[in-house]
1. Just wondering, is there one or more residues in region 178-186 that are within 30 Å of residue 125 (Cβ to Cβ) and of a type outside the set (Gly, Ala, Ser)?
2. Which helices (runs of 4 or more DSSP H) does region 228-279 wholly contain that include 2 or more residues that are over 12 Å from residue 216 (Cα atoms), among the small types (Gly, Ala, Ser) and in contact (Cβ under 8 Å) with a residue 24 or more places away in the chain?
3. Which is at pLDDT below 95 and either out of contact with any Pro (no Cβ under 7 Å at 6 or more places or on another chain) or hydroxyl-bearing (Ser, Thr, Tyr) (or both), of 274, 263?
4. Cβ-Cβ distance below 7 Å, separation of 6 or more or different chains: which pairs start in region 166-183 with a residue that is aromatic (Phe, Trp, Tyr) and end on one that is open to solvent by less than 30 Å² (accessible area, probe 1.4 Å) and part of a helix (DSSP H, G or I)?
5. Enumerate the pairs (first residue in region 84-111 and under 15 Å from residue 68 (Cα atoms) and acidic (Asp, Glu); second residue anywhere and open to solvent by 30 Å² or more (accessible area, probe 1.4 Å) and at pLDDT below 95) with beta-carbon separation below 7 Å, excluding pairs fewer than 6 apart on the same chain, so at least 6 apart or on different chains.
6. Among 186, 158, which is among the polar types (S, T, N, Q), under 19 Å from residue 118 (Cβ atoms) and either over 15 Å from the mean Cα position of the chain (by Cα) or open to solvent by 20 Å² or more (accessible area, probe 1.4 Å) (or both)?
7. Just need a number here: residues in region 50-104 that are closer than 18 Å to residue 23 by Cα, of a type in the set (Asp, Glu) and surrounded by fewer than 15 Cβ atoms within 10 Å (Cβ to Cβ).
8. Say whether the condition of being closer than 30 Å to residue 127 by Cα, in contact with a Leu (Cβ under 6 Å, 6 or more places away or on another chain) and either among the hydrophobic types (A, V, I, L, M, F, W, C) or at pLDDT 95 or above (or both) is met by at least one residue in region 36-54.
Amino acid sequence: MNSDEEEWIPLSQRPEWSDVKPLPQNDGPSPVVPISYTEEFRETMDYFRAVYISDERSSRSLQLTSEAICLNAGNYTVWHFRRLVLESLNADLYKELDYVDNVAKKNSKNYQIWHHRRWLAEKLGAEATIKELEFTKKILSLDAKNYHAWSHRQWVLQTLGGWEDELEYCDLLLKEDIFNNSAWNQRHFVVTRSPLLGGIEAMRDSEVDYTIEAILSHPENESPWRYLRGLYKNDLNIWVNDPRVSSVCLKVLISKSRCIFALSSLLDLIGHGLQPSPELHEAVKALQSSDAGPSSSGLGETICSVLEGMDPLRANYWTWRKQQLPALTS
């Protein structure tokens, strides 16, 4: 069988399988819910069990695993045996990568495919780097949130290399869709893990500017707000004292007042010691008349009161946050 379109010929009618006695599935004497397999599936698996038990690592066994995978790409035993056969035959692993490409067209979220792909890449080493990065690009062009593709891509970068153009790739994805949270996550991965960029300390200044630009273009997009906070993950003192952070909150509140992310970021800053400017006080208190109750003495309390009205689904959370504020937040 070379394609899905070919008419299936039962293995029992193929001369090359005449010496093999198929091994039926043993469901016991009284199966509770017997599965009604198709004849093709039943016979294929009967023959697979026979070669698996006899540990026949031959070309026909490899072809049989292809047929079994075509019927059920999630069968981990078939994939495992396929790897044993590939090793024994000293098969062309680049050809096997092409095979996985074809299987992935209909099964791109199948765990077994990605496990098999990683095994192949480990065998091939650095020579497979470009091919693996291109493979994940192809999958992500069809499904930008495919967790398996992102996980595999990160493994390739860390194990085989290929960091040179990764930040540019993230930038391209974000230009296509600034709301792509997976691309934001990958960008943070590159900035913090790439051996070519010098680490987050070296990249922080330019990345903050990049992120602020993204925030100002789409303040309602949560991803860059989270990314901005992540740039200061291990140094909150710098985060609080970087004037660009409080400034972007102010700009968003002035231009687009109903922005939960700007308010919650400002609340976090205050909770960690920010001394807010008079402009921030005014911008927040301007929201209170329409979204909150009586005026509060502290800016943190005012923000929580505004968020209680602005974000009713999490009103209880903002009430709790108000209770956690330090005594002096004004």
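The values are calculated or read from the model by the stated rules, or taken from the named source; none is laboratory data. For clarity, every value in this text was computed on a predicted model and none was experimentally measured. No Cβ is skipped: glycine too gets one built from the backbone with ideal geometry, and neighbour counts run over all protein chains shown. These area figures cover heavy atoms from the full protein model, side chains too; ligands, DNA and RNA do not enter into them. Shrake-Rupley method; radii C 1.70, N 1.55, O 1.52, S 1.80 Å.
1. Yes, some residue in region 178-186 is within 30 Å of residue 125 (Cβ to Cβ) and of a type outside the set (Gly, Ala, Ser).
2. Passing ranges, in order: 260-271.
3. Result of the check over 274, 263: 274.
4. 179/223
5. Pairs that qualify, where the first residue is under 15 Å from residue 68 (Cα atoms) and acidic (Asp, Glu) and the partner is open to solvent by 30 Å² or more (accessible area, probe 1.4 Å) and at pLDDT below 95: there are none.
6. None of the other options fit; the residue is 158.
7. Adding up the residues that qualify gives 1.
8. Checked region 36-54: no residue is closer than 30 Å to residue 127 by Cα, in contact with a Leu (Cβ under 6 Å, 6 or more places away or on another chain) and either among the hydrophobic types (A, V, I, L, M, F, W, C) or at pLDDT 95 or above (or both).
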